[in-house]
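First up is the structure itself, then whatever we jot down about it.
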Amino acid sequence: MLKTLAKSIRQYKRESILSPVLVTLEVLLECMIPLYMSTMLKDITDEPTMSNILIYGAILLVMAAFSLLFGILAGKYAATASAGFARNLRHDIYYKIQDFSFANIDKFSTSSLVTRMTTDVTNIQMAYMMIVRVAFRSPVMMIVSLAMTYSINWQMGVIFTILVPILGAGLFIIFKKVDPIFNKVFKKYDALNESVQENIKGIRVVKSYVREDYEIDKFDKAAENVRADFTRGEKIIALNNPLMQFCMWTAITMICFVGSMIVMQSAEEALNRSDLMILIVYAAQTLSSLTMLSMIMVMISIAKTSADRVVEVLKEESTLTDPENPVYEVPNGDVEFDGVDFKYSEKADRRALKEIDLKVKSGQTIGILGGTGSSKTSLVNLIPRLYDVSKGSVKVGGIDVRDYDIEALRNQVAVVLQKNVLFSGTIKENLRWGNPDATDEELVRVCKLAQADEFIQGFPDKYDTYIEQGGSNVSGGQKQRLCIARALLKKPKILILDDSTSAVDTKTDALIRKAFREEIPDTTKFIIAQRVSSVEDADQIVIMDNGTIAAVGTHDELLAHNKIYQEVYYSQNKVGATAQTLIEQRKEDGNGKA
Amino acid sequence: MARHKIEVKRGSVMKTLGKLLKYMFHYYRWQLILVICCIAVTAVAGISSSIFLEILTDDVITPGLEQGFEAVKGTLYTIIGIMAGIYVFALICSFTYNRMMAVITQGFLKHVREDMFNNMEKLPIRYFDTNTHGDIMSYYTNDVDALRQLISQSIPQTVFSSVAIITLMISMLKSSVYMTLVVLFGVAFMLLVTKLVGGKSAKYFVKQQNSVGTTEGYVEEMLTGQKVIKVFCHEEAAKRDFDKVNDELFVNTDKANKYGNILMPTIGNIGHVLFVLVAIVGGLLMLEGVPNVSLTGLGDALTIGAVVAFLNMSRQFTLNIGQVSMQVNSVVMAIAGAERIFGFLDQKPETDEGYVTLVNAVIDDDGKILRESPTRTGRWAWRHPHKADGSVTYQELKGDIQLVDVDFGYVPDKIVLHDVSLYAKPGQKIAFVGATGAGKTTITNLINRFYDIADGKIRYDGININKIRKSDLRRSLGMVLQDTNLFTGTIMDNIRYGKLDASDDECVAAAKLANAHDFITRLPDGYNTMLTGDGSNLSQGQKQLLSIARAAVANPPVLILDEATSSIDTRTEYLVQKGMDALMQGRTVFVIAHRLSTIQNSDAIMVLDHGRIIERGNHEQLIAQKGVYYQLYTGAFELE
């Protein structure tokens, strides 16, 4: 794990090393200053002259200046090292996600990836800064302070040497006890926040079922549960301070007691009066650096969970790879499914697609119909190799899709996804996703094909109209047509519309299909639809049922023989037929009954 | 979901802090007073070492060196005994306040969470429609976190240091006023630096938080569209754009932390400089033999022992000032958070002046209401108390709804519904058709009083809905919305949400009616399947079937379906429709549907345009009318 993370330090290695070095220097000075102060106090007590004070003062000022310099530089480098490390981590995660295949994307939810890139990286960043600044500072400070103590008086050193392990062990035991409690309670805390989120999103449901009190009751119980667990952990943590104070005050009492006896018995030979104060300062430094270390332990423990989650993304390998000698040219829009089985994951029992055989000639229009969960989308997703087949093969232009360079393949196979997204930016910017070099004329041409030009011209800013995040300021039908235009801009050999005209009215839908027929006759078109009218005039209509092709045929063939097609057709009451014929039909029905 | 911008208004800091302390004292008055006392004892004990040392030097060591150890043995033991006694007492205090703070912090946070949640559940729908969910969420996460930091660390630390500072200040003044002035001068300088450096740090800290918000928003948008990025091979451009956002965040984080990190060594070393200054001034005073001015009055010139003791005190004084100044950042953040939390808690809850309530009733075959019943009878009545004479009348709940000349706007000066009138008789199916923003959903929002009308009247079984208690009104109206919103729990729990005391059999029956039974039984755990994250393990169509089942189990006399079957394929929809029609026999139904096929059999279809009903009638009538509905139906117009 550490190795994977360490790769992201890169250009901030210098700062990451300089900072602890400078911290060490700062600490050395920091440990010397009190000793020096005490010497100063002793000397001016013995010989209270102004020049003495001034000389000592000047040296002390120089030391403070250096200490300040080292401290500032160390702080500065530590900030840059940790902020830079975090930046590289975010960069690496994001770049990694860009390499993900659809199967990889399915594995992680968007919100979990966002959390990994924000909260988790921040946790790691804070821990890293602590490590760079304090992980060296504390041990150095402890060792130097101890050494100083021994240099002053060995008996005093022994007192410290006994107290340090006591405090260390105490802090460690507290940490060990608390760590699992917090691990558990943080999960409960997440669940609590999750339930708040549910209530905010579902407030209309809560209110229309008059469940406010029920929800409050539920929340109060969960909040109490979280409180109880947190309190249990915090109560143990609360021992940290008294434990530290116990050791500190024991040290002070011992210094005062044993110290003054030594001073008196040795007649200030082994230890003098002003040394007592400095010993107390060193005691504070030794013990507080231990406490700092235990704080780092807690931070690292929090960061460890975050680090695990980040490394999980960094180590995720794309399930799709380019072949060794890829084909860069897609010869034509032929598509062939040959004995294709498909599962979403190797471990899954369920086959999303079973024994699919299908041949499509370049330029044909294929309609695909089927109920929810019949794997219509899974079928077309195999063509641009968004997923790999589990068995059999999918060929485009007579070549197995796995032999193509992925980018070359996808540039020739345009998919308008079911869950489609426009990005914040102008219409032009969104359309140019299809082709960054497209001229304005080309944009207008594809928008005319997709029947989008008319409404775009109706906007005050026309093609420069700003699309809000998620396309929230255009209607569903408009969004779908913009997405189709965006795909057309690629000039693909194969075009796939995955339920992409569901919000478009039937007349416009028909116009789009007419434009396809007339303007891009050589492009193979796959159209998944709920509406029979959207696929009626296709060359072949594929009926999907539970992962298999139930039937293939033209509208007339299927209407005559296929039960599913008939059912769908009649359930829709022939929406799209002219109203006149319908009314006449109804009249006839009515007459018949009469 | 961009995060809320953080800002702290000048001047409001103390007000917010005061409010916060009042809020805390409201829950934990005595505990907090005890905690403050304990902290004070601990703090004084913490700085007492220099005093002990001074006493020890003067009363034990100095005479001991002259007269020998045996002569001062007794005094030494006494002093050490007192010291140990004070430390033991302080240790008990420390233990007490640390543990109590743990309990208080978590308990207080629980109260804050509960108060926020209680208040939130009672807020009007308008609040949720006008604030982003991310913003509301961050009260519970970021702001509560900042508060925790403040309460558990900053406040005790500040109290601790303040006690120490005051104690030291008094002892310093008792020792020498001149030298104290030097220390105060130095402290003023320290505070200035803290304000300068700390202010910079706080400024970039806020910038950093806002950058985090921007990055989060950007990443969320891009990752939501990650599949589109893949399909268009747009990865390289996505990386370039991300780098820009990421670099900005880096710059702000770097600066915020730089200034934050610089503060500690700067303050610490100013302390060192101050030490030297005090030494020089003290030395001067001593050597020149200037008469000492102290709190206790004029005295002889300073002795060397007094100067040394003073130097030690000044050192501890500056250390504590440093401790306080280190809290500046987290205090600023926490105050900003507390301010937002208070703002949230101050939101006015939904008001309800309704007094007509819904009761179970025993009703005879002629429709005469015999009496109120404490148990479920399957029949309901409105209980209408009359204030004038104290009498109570009952009226059977039938589901007759009238809107008369209703005007409404979400904001006062922008009316979105004009003169809407409609009459739904019990058992009728009324459909609304129209473009997005035509006002279809708005009408349903008014019937259950998510919003109140501006003008006109809405009557329910002849009663003005303003007179009906909101909870009873809503209980009598079933709602199925396009956004399904399921809750964490099993499928069974989610169906039972419609009627909390429903038996398993009732829930299964409802699921069968909604055509959800089939897919549920095919899941590995069936009805016990856990749903998490708003049912992310189900398809949108399946979620809609569940929310229909949830409404079915509630069995309300009036049902509002707002695009309830939009994600269900037409074949399944047809089956659901049949089940629903059976359920809705004799009930009033309002339907908003995108697919005209689902509403063809309605008793009345209202075509809405820009908040007005422009056509009304049944399917045949509207087709014959050859108006907008006819055009919609033949596909000449686009819906949505």
With +1 assigned to the C-beta of every Lys and Arg and -1 to the C-beta of every Asp and Glu, and no other charges, what is the dipole magnitude of the range B:402-634 about the Cα centre in debye, to the nearest 20? 320
Would you mind telling me the antiparallel percentage of the DSSP bridges in the protein assembly as shown, rounded to 5? 60
Dipole of chain A, Cα-centred, from +1 at each Lys and Arg C-beta and -1 at each Asp and Glu C-beta, to the nearest 20 debye? 760
Long-range amide H partners of B:Gly617 with built H, under 5 Å: B:Ile605
Which of rounded, prolate or oblate describes chain B when judged by the alpha-carbon gyration tensor and an a/c cut-off of 1.5? prolate
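Add +1 for every Lys or Arg and -1 for every Asp or Glu among the other residues with Cβ under 10 Å from the Cβ of A:Ile203, and state the total. Present the calculation step by step, with values, prior to reporting the outcome.
Values: positive: A:Lys201, A:Arg204, A:Lys207; negative: A:Glu198, A:Glu212, A:Glu215, B:Glu121, B:Asp129.
Taking every Cβ under 10 Å from that of A:Ile203, the sum is -2.
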Relative exposure of B:Glu121, A:Glu268, A:Glu30, judged by other C-beta atoms within 10 Å (fewest first): A:Glu268, B:Glu121, A:Glu30
Ignoring trypsin sites (Lys or Arg not before Pro) that are buried or in helix or strand per DSSP, and keeping those with at most 13 other beta carbon atoms within 10 Å, what is the longest stretch of chain B between them? B:11-367
Compare the Cα positions of B:Tyr127, A:Val258, A:Thr149 along the charge dipole of the protein assembly as shown (+1 at Cβ of Lys, Arg; -1 at Cβ of Asp, Glu; about the Cα centre) and return the one farthest towards the positive end. A:Val258
Specify the angular offset, from 0 to 90 degrees and rounded to the nearest 10, of the alpha carbon long axis of helix A:50-98 from the longest principal axis of the alpha carbons in chain A. 20
Under DSSP loop assignment and at most 16 Cβ neighbours within 10 Å, longest trypsin sites (Lys or Arg not before Pro)-free interval of chain A: A:8-346
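Please give the FRET efficiency for A:Thr45 paired with A:Gln155, using the beta carbon to beta carbon distance and R0 = 22 Å, rounded to the nearest 0.05.
0.40
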Out of the range B:311-399, which GluC sites (Glu not before Pro) are coil in DSSP terms and have no more than 13 other C-beta atoms within 10 Å? B:Glu353
Gained length - A:Glu324 relative to A:Asp179, 0.36 nm times residue gap less alpha-carbon distance: 47.4 nm
Counting other beta carbons within 10 Å of each residue's own, what order do B:His133, A:His561, B:His594 fall into, fewest first? A:His561, B:His133, B:His594
Assign one of three labels to the range B:120-162, namely rounded, prolate or oblate, based on the Cα gyration tensor with a ≥ b ≥ c the square roots of its eigenvalues; rounded applies when a/c is under 1.5, prolate when it is not and a/b is larger than b/c, and oblate otherwise. prolate
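Divide, for the range B:357-396, the radius of gyration over alpha carbons by 2.2 N^0.38 Å, where N is the residue count. Intermediate values should be presented prior to the final figure.
Details: Rg = 10.4 Å, N = 40, 2.2 N^0.38 = 8.9 Å.
In units of the 2.2 N^0.38 Å rule of thumb, it is 1.16.
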Rg(Cα) of the protein assembly as shown divided by 2.2 N^0.38 Å? 1.17
In debye to the nearest 20, how big a dipole does the protein assembly as shown give about its Cα centre with +1 on each Lys and Arg Cβ and -1 on each Asp and Glu Cβ? 1180
Between the range B:383-413 and the range B:58-135, what is the separation of their alpha carbon centroids in Å? 58
Neighbour net charge for A:Asn240 - beta-carbon separation under 14 angstrom, K R +1, D E -1: +2
In chain B, what cysteines have no partner Cβ closer than 4.7 Å? B:Cys37, B:Cys233, B:Cys507
Considering only chain A, what is the antiparallel percent among its DSSP beta bridges, to the nearest 5? 50
With everything on Cα atoms, drop me the angle between helix A:136-152 and the longest principal axis of chain A, reported from 0 to 90° to the nearest 10. 10
Given the rule -39500 (n - 2.57) for each run of at least 4 DSSP H residues, summed and divided by the residues of the protein assembly as shown, what is its mean residue ellipticity at 222 nm, to the nearest 500 deg cm²/dmol? -20000 deg cm²/dmol
Net charge within 10 Å of B:Leu559 by Cβ-Cβ distance, Lys/Arg positive one each and Asp/Glu negative one each, not counting B:Leu559 itself? +2
Calculate how steeply helix A:506-519 sits against the longest principal axis of the alpha-carbon atoms of chain A, using the helix alpha-carbon long axis, and give the answer as 0 to 90 degrees to the nearest 10. 80
Helical segments meeting 18 Å axial Cα length and Kyte-Doolittle -0.5 threshold in chain B (DSSP H): B:12-56, B:69-121, B:155-175, B:177-193, B:235-288, B:304-326, B:328-345, B:540-554, B:570-583
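Just so you know, all these numbers are worked out from the coordinates, no wet-lab data involved. Owing to the predicted nature of the structure, the values given are computational and were not obtained by experimental measurement. As a convention, Cβ positions derive from the backbone with ideal geometry for all residues, glycine included, and neighbour counts pool all protein chains shown.
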